[in-house]
Amino acid sequence: MTLEIFHVKGTRSVRIIWLCHELAVPLTVTTIDFSQDYRSTPAWRKLSPTGKVPAMKDGEMSMFESGAMVQYILDKYGQGRLQPEPGSVTAAHYLQWCWFAEATLARPLGDMVHHRILKPEAQRLPAMVVDGEIRARSCLAAVEQGIRGQEFLVGEFTAADIMMGYSLLLAERMEVLDDTYPEVLAYYARLQARPGFVIATSDGADLTDLA
Ligand SMILES: N[C@@H](CCC(=O)N[C@@H](CS)C(=O)NCC(=O)O)C(=O)O
């Protein structure tokens, strides 16, 4: 077994644990300390130059960025599962939602997390939280429209739903995922019911050796 995810409960490492569970790909889950002190150490910065979580290793190779990890695992271990045929129309929409989940929806949510929780109180800007909520709500409205009439983002369950599932978890935590978005709530409930999501978000995720 060579694949190892450096994990903190409730962070984007959830995507990797969930994906490996869906694919039945062996994964070692190593929980790390989320403190700023630990994330500033040279050892952690070697794996993740900006100090963020997660980082992943596959043998000698190490990488950061959860979406890139998802694509790497699909390409190396997925045997065509959980992603559409490259170059197809469905693949275009699959890529659209993967990127939207992290680059567009998670971004304002990240601003909210920083200015509500992570930054020292003296550095928090309430206006960033207000603006983040407006931007996040506009993204949730787009998901509401995109998911209407289908079970998952591109029909069948794919890794785009894993990318989106974590962003929705963040939206829930920032209290913007409410009944303004009934289709998104129902979709999120479908994602939460998947065993991979349950394991990846549980206290025991770090004890899970998905062999
Ligand atoms: N785009 C990056 C985002 C990584 C990220 O923001 N991770 C959060 C935890 S989920 C983090 O480490 N936040 C602490 C910080 O930004 O200092 C990814 O997908 O891996």
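Of the beta bridges DSSP finds with both residues in the chain, what % are antiparallel, to the nearest 5?
On the way: 12 of 16 bridges.
Of the beta bridges lying entirely in the chain, close to 75 percent run antiparallel.
Taking other Cβ within 10 Å of each residue's Cβ, how do 164, 174, 128 sort, fewest first? Provide the component values of the computation, followed by the final result.
On the way: 164 29, 174 20, 128 16.
Ranking 164, 174, 128 by Cβ neighbours within 10 Å, fewest first, gives 128, 174, 164.
Across 10 Å bins from 0, what is the distribution of all Cα-Cα pair distances for the stretch 1-80, in whole percents?
19, 56, 22, 3, 0
Report the convex hull volume per residue for the stretch 89-194, counting only C-alpha atoms, in Å³. Intermediate results must be reported in sequence, preceding the final value.
Details: hull volume 9.5 nm³, N = 106.
Convex hull of Cα atoms, per residue: 90 Å³.
Give the span of the chain's Cα atoms along each principal axis, as three whole-Å numbers ordered largest to smallest.
Result for the chain: principal-axis Cα extents of 48, 44, 30 Å.
I need two numbers for the stretch 35-74: Rg to one decimal and Dmax as a whole number, Cα atoms only, in Å.
10.6, 33
For 46, 52, what's the fewest-to-most ordering of other Cβ within 10 Å of each Cβ? Intermediate values should be presented prior to the final figure.
Working: 46 10, 52 15.
The most exposed by this proxy come first: 46, 52.
In what order do 62, 13, 88 fall by count of nearby beta-carbon atoms within 10 Å, going from fewest to most? It would help to have the intermediate numbers written out before the result.
Values: 62 14, 13 27, 88 11.
In increasing order of surrounding Cβ atoms, one gets 88, 62, 13.
Answer rounded, prolate or oblate for the stretch 150-203, using the Cα gyration tensor with square roots of eigenvalues a ≥ b ≥ c: rounded when a/c is under 1.5, else prolate when a/b is larger than b/c, else oblate.
On the way: a/c = 1.79, a/b = 1.06, b/c = 1.69.
In terms of gyration-tensor shape, oblate.
Put +1 on the Cβ of every Lys and Arg and -1 on every Asp and Glu Cβ in the stretch 125-211; which of 155, 184, 170 then has its Cα farthest towards the positive end of the dipole?
It is 155.
Taken together, the values in this text are just the output of simple stated rules run on the coordinates, not laboratory data. Keep in mind it's a predicted model, so treat the numbers as computed, not measured. FYI the Cβ positions are ideal-geometry reconstructions off the backbone, even for glycines, and counts take in every protein chain you see.
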